[in-house]
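Written below as structure tokens is the structure these notes are about.
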Amino acid sequence: MKTQKICSSFLFIVTVAALNTQSAKADSNSLRQMQAIPNYSISTSEQTTGSFQLSVPSQPIPADNQNKTPSSKQLNQTNSNNSKLILDSLNNNQNPLQYPTKPEEVQIQKIQAITLEQALELARRNNRELQVGLLELQRAQAAVKEAQASLLPNAGLSAEVARQQSAQNQLAVESTNVGTDEATTAFNGSLQLSYDLYTGGRRNAQIGQAEERLRVQELAVEVLEEEVRLNVSTEYFDLQQADEEVRIAQAAVANAKASLRDAQALEQAGVGTQFDVLRTQVNLANAQQELTNAIASQQVARRRLVTRLSLSQTLDIAAADPVKLAGLWKTSLEQSIILAYQNRSELQQQLAQRNINLLDRRLALSALKPQIALVASYSLLDQFDDSGSLTDGYSVAVQANLNLFDGGRAKAQAAQAKANVKIAETQFADTRNQIRFQVEQAYSGLQSNLENVQTSNAALEQARESLRLARLRFQAGVGTQLEVIDAENALTTAEGNNIRAILDYNRALANLQRSVTSRAMPQ
């Protein structure tokens with residue numbers, strides 16, 4: 001009996017060692033493939049619950065040239081040229097009024113990996129919200145020119161050539177037999193010139209309002225640029241997280257397959273049970289379900305960023321940057337708050353709105369003041385087929401108007417504008433408080449996420465070691481299959497926590513940079 005047990009154990013150890021050697025080679029190859037491209041195909045065995053096919057990029061990133069070692073300057077120049085080519089190829093200059101009408105026009109034909117820097121540049125070129133903001137800025141510039149036109153006089157020219165025959169003249173000729181009833185042809189031309197000499201402050205107020213609205217729109221474009229930068233950065237980090245979740249899910253599937261092979265080897269050696277095999281099959285099915293959900297989330301994250309960048313209908317993108325800390329924030333909290341006060345465009349917008357309201361009050365009160373204008377005209381008159389010559393005339397006048405009573409409307413409008421000034425001042429104080437809170441919130445999130453990164457790094461190393469020891473214990477016959485499954489699940493959780501901690505830190509850093517604005521950041 002003892003001899004039989006010893007032979008069975010020896011046969012089990014040999015079988016497991018052989019299977020693990022093949023499994024290690026297969027897992028090593030699959031891991032290298034996972035690191036080379038964002039997605040790859042997984043073929044399932046008969047024990048899996050379904051088949052899953054991941055998309056393969058049509059143009060994977062080429063491998064680095066290992067034969068030559070170019071200088072740093074050459075590498076920077078090459079990277080700059082490659083980046084420019086990628087940006088030019090992805091730049092979307094299509095007619096905004098066009099839309100696809102055929103299925104092949106919206107079918108994904110290419111997956112292009114881009115960096116965060118390239119994504120930000122594409123957003124500056126293609127983002128529709130930013131384009132609308134720039135068009136509104138052009139409209140505000142035209143409004144300033146319209147208001148400044150009142151500084152110049154208005155001139156008009158009119159001319160008329162008319163042929164007429166008066167019925168009254170015909171009746172007079174028939175009754176008196178005196179005169180003629182022939183038709184006459186005449187030319188009449190005039191030139192008019194007018195200029196407002198004094199408007200009671202109305203003209204300057206209208207010009208000042210147009211200039212302040214232009215300033216508001218310029219600041220709105222700056223705010224929009226910061227928002228687009230934040231949204232693109234956040235969605236790029238979301239895409240990175242989706243890619244990593246796919247990778248983690250793929251690794252979990254690979255681990256679950258390895259555990260299934262071990263459980264099957266134990267059963268074949270006579271020292272395992274069918275219950276252990278069923279449990280590992282369930283664990284594999286759960287891992288494959290998580291992989292399917294991760295792939296779906298990855299596709300959503302890709303399309304969301306493509307929409308934000310307004311890229312081609314046939315293009316999909318992937319994240320080319322590795323997941324790592326985006327940088328460190330070395331400025332203190334107090335200095336960050338001061339930088340935000342100095343650089344946030346929202347505060348300047350409230351001040352510009354206050355100036356507009358002050359000019360509204362001046363414009364309302366101008367209706368109570370006299371309006372003085374200079375009016376001049378010059379006219380020419382000539383009647384054809386007569387003995388007279390061309391005649392001319394002119395007139396010059398100064399016109400003055402004063403509204404004596406308007407029922408109190410002008411003063412009521414001035415009171416409304418004064419109240420709007422107080423509102424703008426109150427909104428300035430509220431905006432200032434909100435800016436401080438945003439900086440403090442982002443700064444606190446940044447610090448906590450940095451600690452989470454350090455904690456998750458340690459937990460990840462511990463989870464990897466725990467899985468290694470669990471496998472060794474299980475292969476030596478002193479551990480259970482449940483310990484291996486728990487270790488695998490713990491490793492998957494630790495990897496997910498580590499990725500989330502790093503990307504949450506990057507998101508917090510992006511929010512802090514938005515709260516302070518990019519103008520305050522060192523170049």
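Conditions (1) closer than 30 Å to residue 274 by Cα; (2) without any contact (Cβ under 8 Å) to a residue 24 or more places away in the chain, marked per residue:
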residue	(1), (2)
418	no, no
427	no, no
430	no, yes
450	no, no
479	yes, yes
484	yes, no
488	yes, no
494	yes, no
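Any chance region 262-270 includes a residue that's farther than 25 Å from residue 236 by Cα, surrounded by fewer than 17 Cβ atoms within 10 Å (Cβ to Cβ) and either small (Gly, Ala, Ser) or in contact (Cβ under 8 Å) with a residue 24 or more places away in the chain (or both)?
The answer is yes, given that some residue of region 262-270 is farther than 25 Å from residue 236 by Cα, surrounded by fewer than 17 Cβ atoms within 10 Å (Cβ to Cβ) and either small (Gly, Ala, Ser) or in contact (Cβ under 8 Å) with a residue 24 or more places away in the chain (or both).
Condition check ((1) of a type in the set (S, T, N, Q); (2) part of a helix (DSSP H, G or I); (3) surrounded by fewer than 14 Cβ atoms within 10 Å (Cβ to Cβ)) across all residues:
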position: 148; (1), (2), (3): yes, yes, no
position: 156; (1), (2), (3): no, no, yes
position: 169; (1), (2), (3): yes, yes, no
position: 189; (1), (2), (3): no, no, no
position: 192; (1), (2), (3): yes, no, no
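State the number of residues belonging to region 328-352 that are outside any loop (DSSP other than H, G, I, E, B) and either farther than 22 Å from residue 234 by Cα or among the hydrophobic types (A, V, I, L, M, F, W, C) (or both).
15
Among the residues that make up region 309-327, is at least one of them closer than 30 Å to residue 113 by Cα and part of a helix (DSSP H, G or I)?
yes
Given the criteria hydrophobic (A, V, I, L, M, F, W, C), part of a helix (DSSP H, G or I) and under 26 Å from residue 148 (Cβ atoms), does residue 219 qualify?
When the stated conditions are applied, residue 219 passes them.
Among the residues of region 375-383, is there at least one that is out of contact with any His (no Cβ under 9 Å at 6 or more places or on another chain), modelled with pLDDT under 90, surrounded by fewer than 14 Cβ atoms within 10 Å (Cβ to Cβ) and acidic (Asp, Glu)?
no
Kindly indicate which of 317, 356 is more than 21 Å from the chain's Cα centre (by Cα) and of a type outside the set (Ser, Thr, Tyr).
Answer to the selection: 356.
Any residue in region 296-312 that is out of contact with any helix residue (DSSP H, G or I) (no Cβ under 9 Å at 6 or more places or on another chain), buried (at least 17 other Cβ atoms within 10 Å of the Cβ) and at pLDDT 90 or above?
The answer is yes; a qualifying residue exists.
Does residue 245 satisfy the criteria of being more than 25 Å from residue 518 (Cα to Cα) and either part of a helix (DSSP H, G or I) or touching a residue at least 60 places away in the same chain (Cβ under 8 Å) (or both)?
yes
Taking into account only those residues within region 97-112 that are in a strand (DSSP E or B) and not β-branched (Val, Ile, Thr), which is surrounded by the most Cβ atoms within 10 Å (Cβ to Cβ)?
Among those residues, the one meeting the criterion is 112.
Which one of the conditions (1) closer than 20 Å to residue 371 by Cβ; (2) surrounded by fewer than 18 Cβ atoms within 10 Å (Cβ to Cβ) does residue 202 fail to meet, given that it meets all the rest?
Tallying (1) closer than 20 Å to residue 371 by Cβ; (2) surrounded by fewer than 18 Cβ atoms within 10 Å (Cβ to Cβ), residue 202 fails exactly one: (2).
Of all residues in region 194-205, which are among the polar types (S, T, N, Q) and either in a strand (DSSP E or B) or farther than 12 Å from residue 360 by Cα (or both)?
Passing the criteria: 194, 199.
Scan region 496-518 and report the pairs whose first residue is at positive phi and surrounded by fewer than 23 Cβ atoms within 10 Å (Cβ to Cβ) and whose second residue is assigned to a helix (DSSP H, G or I) and of a type in the set (Asp, Glu), with Cβ atoms within less than 6 Å and a gap of 6+ or a chain change.
Between residues of region 496-518 that are at positive phi and surrounded by fewer than 23 Cβ atoms within 10 Å (Cβ to Cβ) and residues that are assigned to a helix (DSSP H, G or I) and of a type in the set (Asp, Glu), the close pairs are 517/226.
Select from region 353-382 the residues that are of a type in the set (Gly, Ala, Ser) and assigned to a strand (DSSP E or B) and write down the one among them that is nearest to residue 423 (Cα to Cα).
Ranking the qualifying residues of region 353-382, first place goes to 373.
The values are calculated or read from the model by the stated rules, or taken from the named source; none is laboratory data. Every value quoted in this text rests on a predicted model; they were computed, and no experiment measured them. Positions of Cβ are generated from backbone atoms using ideal geometry, with glycine treated the same way; all protein chains shown enter the neighbour counts.
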